[in-house]
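Here the structure comes first, spelled out in structure tokens, and everything after it is commentary.
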Amino acid sequence: MTAEFKTNFLRPALGERFVAVGRVENAGRSLAVCTGEVRAYASADTDDFKVVALMQATMVYVAPRD
């Protein structure tokens, strides 16, 4: 479950390929702070990208119900 969620859109998403990268920055007993970014690649054969969006979220661990 999400306790807090923030997204920053930095620039238009222009490109041929997009990759979203997520990461858990800190995992505690009941909360986890996560970050993510969306990268836009101008062409499929290059490693040069621009970040088009950033995200930070605080997630709450919830036990599944039977």
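Computed values, structure above
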quantity: Using a Förster distance of 30 Å, the FRET efficiency for PHE9-THR46 (Cβ separation, nearest 0.05); calculated: 0.85
quantity: Solvent-accessible area, 1.4 Å probe, carbon plus sulfur percent, for the chain; calculated: 54
quantity: Charge dipole (debye, nearest 20) of the stretch 6-62; +1 at Cβ of Lys and Arg, -1 at Cβ of Asp and Glu; calculated: 300
quantity: Accessible area per residue in Å² at 1.4 Å probe, computed on the chain; calculated: 80
quantity: Taking all pairs of distinct alpha-carbon atoms in the stretch 1-49, Kirkwood radius in angstrom; calculated: 12.9
quantity: Which of ALA27, MET1, TYR41, positive extreme of dipole for the chain (C-beta unit charges); calculated: MET1
quantity: Amide proton proximity set for ALA53, modelled H, under 5 Å, gap of 5+; calculated: LEU10, VAL38
quantity: Stretch gain in nm, segment THR58-ALA20, where the contour uses 0.36 nm per residue and the Cα spacing is subtracted; calculated: 11.9 nm
quantity: Formal net charge of residues neighbouring GLN56 (Cβ-Cβ distance under 11 Å; K, R +1; D, E -1); calculated: -1
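The values are calculated or read from the model by the stated rules, or taken from the named source; none is laboratory data. Worth saying up front: this structure is predicted, and the values here are computed from it rather than measured. Every residue, glycine as well, gets a Cβ built from its backbone with ideal geometry; the counts of neighbours run over all protein chains shown. For accessibility, only protein heavy atoms count, side chains too; no ligands or nucleic acids. Shrake-Rupley method; radii C 1.70, N 1.55, O 1.52, S 1.80 Å.
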